[in-house]
Amino acid sequence: MTEDNQVADSTEDGTVDTTVRRITQRGLYFDELEEGVVYEHRPGRTMTETDNVLFTTLTMNTQPLHLDHHWSASSEFGEPLINSMHTLATMVGLSVGQLTQGTIVANLGFSEVAFPAPVRHGDTIYCETRVTGRRASKSRPGQGIATFEHLARNQHGEVVAKAVRQVLLQQSPESAA
């Protein structure tokens, strides 16, 4: 979704052109969300070994399954796996530009987080979000609570992560007025 802004712009001769229309990328306002709709987030994201090591060490997770090739080779997976918290963060991150960029007030929480299949170095994840509920905030005029069901699949279509998330969003300026 976009937002129209009338912004002064300079022409080549230095004069100001006030008729230039600018479109600013943003997420959706609460009142623009449609319950039951699935929003597909593209492009996908290829998960690299560098991403995994950086995320894992930044978060102080010393699990050898994410960091130690020798140890991981003897695991049932036979190789290091992408840190599941990195998968969760990436799944939610892929939704931001389309759903909440510049419109979110707060991330209220997660429930029903699951990782049905592992993510390996080089896997590309594609995400989608279904809006499963929405209601106006009782205590915060001009805002609403939305429930998202996020789903991530790898390049083979296999579900690798899912989570239910509630967010507090702004209503559109027109609707809130």
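The values are calculated or read from the model by the stated rules, or taken from the named source; none is laboratory data. For clarity, every value in this text was computed on a predicted model and none was experimentally measured. Cβ atoms come from the backbone with ideal geometry, glycine included; neighbour counts cover every protein chain shown. We work out accessible area using only protein heavy atoms, side chains counted, and drop any ligands, DNA or RNA first. Shrake-Rupley method; radii C 1.70, N 1.55, O 1.52, S 1.80 Å.
Quick look at the numbers
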quantity	calculated
Gyration tensor over alpha-carbon atoms, the range 51-147, equivalent ellipsoid semi-axes in Å	34, 13, 12
1.4 Å probe accessible area per residue over the range 22-177, in Å²	52 Å²
Neighbourhood net charge (10 Å Cβ-Cβ; Lys/Arg +1, Asp/Glu -1) for Phe30	0
Sequence-distant residues sharing a close amide H with Gln101 (under 5 Å, placed H)	Gly27, Leu28
Nearest-20 debye value, the range 74-171 charge dipole, Cβ charges on Lys, Arg, Asp, Glu	640 debye
Average Cα contact separation per residue, the chain, under 8 Å, 6 or more apart, as relative contact order %	25 percent
The chain, helix-only ellipticity at 222 nm - DSSP H runs n ≥ 4, -39,500 (n - 2.57), divided by all residues, nearest 500	-6000 deg cm²/dmol
Whole-Hz couplings from phi, Karplus 6.51/-1.76/1.60, listed for the range 140-149; x for Gly and Pro	10, x, x, 9, x, 9, 10, 10, 10, 10
Choice from Met91, Met47, Met60 showing the highest fluctuation, given a GNM over the chain with Cα pairs closer than 10 Å	Met60
Which of Ala163, His121, Ser139, positive extreme of dipole for the range 116-177 (C-beta unit charges)	Ser139
Placed amide H near Arg134: partners under 5 Å, 5+ positions off or other chain	Thr147
Among Ser139, Ser72, Ser95, residue whose mean-square fluctuation peaks in a GNM of the chain (springs only between Cα atoms under 10 Å)	Ser139
Taking the convex hull of Cα positions in the range 31-77, its mean projected area over all directions (nm²)	6.2 nm²
Portion, in percent, of the accessible area of the chain that falls on carbon or sulfur, probe 1.4 Å	50 percent
The chain: Cα Rg divided by the 2.2 N^0.38 Å rule of thumb	1.29
Integer Hz, Karplus 6.51/-1.76/1.60 couplings in order for the range 44-61, x for Gly and Pro	x, 9, 7, 8, 9, 4, 4, 4, 5, 5, 4, 4, 4, 6, 4, 9, 6, 8
Angle between the chain longest axis and helix 84-99 axis [Cα atoms, degrees, rounded to 10]	20 degrees
